[in-house]
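Read the structure below first, then the notes.
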Amino acid sequence: MLEPVIKEALQLKPQEKFVVIESLLESLDKPDKSLDEIWAAESKKRLKAYREGKISAIPMEEVF
């Protein structure tokens, strides 16, 4: 099923290949609201724990 698509794509000019690749990558990079909600909840949990002194932070200079 994929073989004919790939075979045809390989016949494209480099600029056309770029458009196809870019379109495919964009289709994979769609925001997922449920993941955003999970990360928001996790960040609130971590901030609360930090403010309560339950966890410590690493200085930005060390991270970078």
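Data table
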{"item": "Selection status of residue 7, of a type outside the set (Asp, Glu), in a helix (DSSP H, G or I) and surrounded by fewer than 10 Cβ atoms within 10 Å (Cβ to Cβ)", "result": "yes"}
{"item": "Residues located in segment 10-54, provided they are part of a loop (DSSP other than H, G, I, E, B) and surrounded by 11 or more Cβ atoms within 10 Å (Cβ to Cβ)", "result": "12"}
{"item": "Test: residue 24 is outside the structural domain of residue 5 (by TED's automatic domain parsing) and at pLDDT below 95", "result": "no"}
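The values are calculated or read from the model by the stated rules, or taken from the named source; none is laboratory data. As the structure is a computational prediction, the values presented were derived from the model and not from experiment. Glycine also receives a Cβ, built like all others from the backbone with ideal geometry; neighbour counts cover every protein chain displayed.
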